1. Provide a single number: the residues in segment 106-129 that are out of contact with any Asp or Glu (no Cβ under 6 Å at 6 or more places or on another chain) and over 16 Å from Phe149 (Cβ atoms).
2. Taking the stated definitions as given, is Thr81 of a type outside the set (A, V, I, L, M, F, W, C), surrounded by 23 or more Cβ atoms within 10 Å (Cβ to Cβ) and assigned to a loop (DSSP other than H, G, I, E, B)?
3. Keeping to segment 179-220, report how many residues are over 16 Å from Ser104 (Cα atoms) and either assigned to a loop (DSSP other than H, G, I, E, B) or modelled with pLDDT under 95 (or both).
4. Return the residue satisfying two criteria in turn: it lies in segment 255-265 and is among the hydrophobic types (A, V, I, L, M, F, W, C) and at pLDDT 85 or above, and of such residues it is surrounded by the most Cβ atoms within 10 Å (Cβ to Cβ).
5. Please identify the pairs in which a residue from segment 100-111 that is under 16 Å from Asn22 (Cα atoms) and modelled with pLDDT of 95 or more has its Cβ atom under 6 Å from the Cβ atom of a residue that is among the charged types (D, E, K, R) and surrounded by fewer than 19 Cβ atoms within 10 Å (Cβ to Cβ), counting only partners at least 6 apart or on another chain.
6. Can you tell me which residue among Thr252, Thr242, Thr247 is modelled with pLDDT under 90 and within 27 Å of Tyr30 (Cβ to Cβ)?
7. Taking segment 266-305 only, how many residues are at pLDDT 70 or above and under 25 Å from Gly90 (Cβ atoms)?
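The values are calculated or read from the model by the stated rules, or taken from the named source; none is laboratory data. Everything numeric in this text was worked out from a predicted model, so none of it was measured. Note that we place each Cβ from the backbone using ideal geometry, even for glycine, and neighbour counts take in every protein chain shown.
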Amino acid sequence: MALVFLGLLTVQTSVKAGSITNNFNNSLDYLANGVPGSMWDGVYLGFGDVPGGNDAGDVGYSLQANETANAGFLTVQSSQTDWAGSGDDGFFLWKTVAGDFDVSVQNVEPFESPAYHMGGLLVRAFTTNGPAWGAPFGGSENSVYLPRFQEFGIDEDIRYTTNGIDMDGYISVPGTDSDTNTSRYFRITRVGDVFSFYTKTNQSDAWALHGSLTRSDLAGVPMQVGIADSTFGSSTPTTFYTDFELTGTNVTATVTRPTDPSGLVATILNPTQVKFSWTPGAGSAGSILVIRKNNALVMSDKPIDGY
């Protein structure tokens, strides 16, 4: 088995509150390159990205996830992707937030609405099936989801999952199926254990509160907060997002990077053991040595202090 040394990653810890706005004008391609160089803590592109995940009967994958196809927008295209119940193979671009937060995003027209396509904001328990390095591994899906739907007279199908059980239609916001050529703004707030759901059509409109959900089971649990898209079938709709705004604990778009570690030395101790040693970088809380098989790698999660 051929192995390749990838390098040492420095780890920084910090606790702060702040706000970020992302209008997707950094020419990043998350499908090709993952999240390095971005403000995001992670991206899930399909089945296999969530450790121990569930494909809900069809293996999800992404065809586009970038800021390059349409400058100023996140362009997402996926197929067979799921965010409901135990299904967790959908597209999800996220930040990790420890406590209370206020998050919003704009879905820009046109919204493609083949059968069961949904896209909007997802808030997911950080301890659910990983990331394996960041929280206890294992556990069932726990999340709240505020997606656009435009089917069956439903504008937004606000739903949640508790221990892998889907509560579809927790709040069904009425709408017109043909109203796909207008924007939607989505907003979720967390105050303690209470998650509240808002939408509006135009930037100048007041936020409409559609309801709240108390999740005492998520007390003290950090959450993955971000943009999700799911097709629940073989269609391949393309969806556009911009004006992502997030305020909360540990929220920052830029972090002062610790210096790189140095002096990596590999010493062969015997035919089955190799000892690695190095000097940690200044300003880091530690280092991680990564060794893997010699093939392509897309970094989908950053080693972060999510708490």
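1. Count: 7.
2. yes
3. 12
4. Leu264
5. Listed by first residue and then by second, the contacts come to Ser104/Glu245; Gln106/Asp243.
6. Every option except Thr252 fails the conditions.
7. Number of matching residues: 0.
Yes/no matrix, rows are residues, columns are (1) over 16 Å from the mean Cα position of the chain (by Cα); (2) surrounded by fewer than 21 Cβ atoms within 10 Å (Cβ to Cβ); (3) farther than 19 Å from Trp83 by Cα:
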residue: His210; (1), (2), (3): yes, yes, yes
residue: Leu213; (1), (2), (3): yes, yes, no
residue: Gly220; (1), (2), (3): yes, yes, yes
residue: Ala228; (1), (2), (3): no, no, no
residue: Gly233; (1), (2), (3): yes, yes, no
residue: Thr236; (1), (2), (3): yes, yes, no
residue: Thr242; (1), (2), (3): no, yes, yes
residue: Glu245; (1), (2), (3): no, yes, yes
residue: Thr267; (1), (2), (3): yes, yes, yes
